[in-house]
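Working notes for the structure below.
The values are calculated or read from the model by the stated rules, or taken from the named source; none is laboratory data. Computed from a predicted model, the values in this text were never measured in an experiment. Here the Cβ is made from the backbone with ideal geometry for all residues, glycine too, and neighbour counts use every protein chain on show. We work out accessible area using only protein heavy atoms, side chains counted, and drop any ligands, DNA or RNA first. Shrake-Rupley method; radii C 1.70, N 1.55, O 1.52, S 1.80 Å.
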Amino acid sequence: MSLTINTLGIVGAGQMGSGIAHVCAAAGIEVRLNDVNEERINGALATINGNMARQVAKGSMDEPARQAALGRITGARSFDDLAGCDLVIEAATENEEVKRSIFVALCRALPPETLLATNTSSISITRLAAATNRPEKFIGIHFMNPVPVMQLVELIRGIATEDATFDSARAFINRLGKTLTVSEDFPAFIVNRILLPMINEAVYTLYEGVGSVESIDTAMRLGANHPMGPLQLADFIGLDTCLSVMQVLHDGLADSKYRPCPLLVKYVEAGWLGRKTKRGFYDYRGDKPVPTR
Ligand code: NAD
């Protein structure tokens, strides 16, 4: 039997965790937000508060709804605080070892009926499910960034995912007013299988000196009608996440066309991860983004 999601746990209060908390609380779901770094929880609450205030200013939310939604989000200091949740979504750093250890610890803290999901951009759902004691209650729910703005959610079954789990996840996404698409469990699923090689190619185009940051982004915005240039988008996603997805594609599909560009590796090694660290292909520390190459 499928389960109605009234209380949601989120592990990882970064860009995605805070966005998921925002839309779920606005849809009437109780949210418990966890992060290994407590400052990230406070940062996420402040971000959500600010983003909802902007929605009120634009007229897409009223003030009582904002107050009610904010009241539905609480910080969870430990996984034990997530024990009453119907579903826990993991939205931590894109690293398989980190995610596996989170699921092992979550399974110790949660009752057996709690559903588990991952927001991974690329890692095998079946492999992550195998780290749990309930692979039939495990599913990939892949939100897009920024969650309050983007309409799509990809749903990915692992090999053992039960229909009831799939149905619960589908009803949950419908309640958020999002549109879902179903992907098979292959590296990076649908959106990132197509998007990330394009971004990686844009970095190669920069690396080989075919164009500057500005000319590459302008070319794709005005020449292919993309709302953002690929390097601007890479900064928005996070260059560490972009590199991880390329590594998963390269390892998982064993095709050299997915080789991560060395310049992308260099930016990540420098800690220039894009907007979240204020520097990537653009420098965001001033009033206006300035290309770094
Ligand atoms: P982020 O770097 O903004 O946030 C990751 C958070 O995870 C950090 O706050 C970090 O402290 C926390 N974390 C790390 N280890 C943890 C642990 N053991 N327990 C609890 N929290 C832990 O990253 P993000 O962009 O929010 O990405 C999160 C996930 O969502 C990744 O799997 C990523 O691939 C996926 N995703 C990202 C995007 C995007 O565009 N950025 C889009 C869709 C999906």
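Worth pointing out:
- Neighbour cut-off at most 12 other Cβ (10 Å), DSSP loop, trypsin sites (Lys or Arg not before Pro), region 17-124: Arg77
- The 3J(HN,Hα) values that the Karplus relation (6.51, -1.76, 1.60; θ = phi - 60°) gives for region 247-254 are, in residue order, 5, 5, 5, 5, 5, x, 10, 6 Hz. Gly and Pro appear as x.
- Among the GluC sites (Glu not before Pro) found in region 156-252, those both in a DSSP coil and sparsely packed, with 10 or fewer other Cβ atoms within 10 Å of their Cβ, are Glu184, Glu208.
- A simple count of charges around Ser121, restricted to other residues whose Cβ falls under 14 Å of its Cβ and scoring Lys, Arg +1 and Asp, Glu -1, yields -4.
- Quotient of Cα Rg and 2.2 N^0.38 Å for the chain, N being how many residues it contains: 1.00
- Looking at region 192-291, the accessible area is 52 square angstrom per residue; that uses a 1.4 Å probe and ignores ligands, DNA and RNA.
- Rounded if a/c under 1.5, otherwise prolate or oblate - region 192-291, Cα gyration tensor axes: oblate
- Summing charges over neighbours of Glu38, with a neighbour being any other residue whose Cβ is under 13 Å away from its Cβ, gives -1 when K and R count +1 and D and E count -1.
- Short-range pairs are left out: with C-alpha atoms under 8 Å and at least six residues apart, the relative contact order of the chain is 14 percent.
- Percent RCO, i.e. relative contact order, over region 1-150, from Cα pairs under 8 Å lying at least 6 residues apart: 28
- Relative contact order of region 192-291, pairs being alpha-carbon contacts under 8 Å that are 6 or more residues apart, as %: 26
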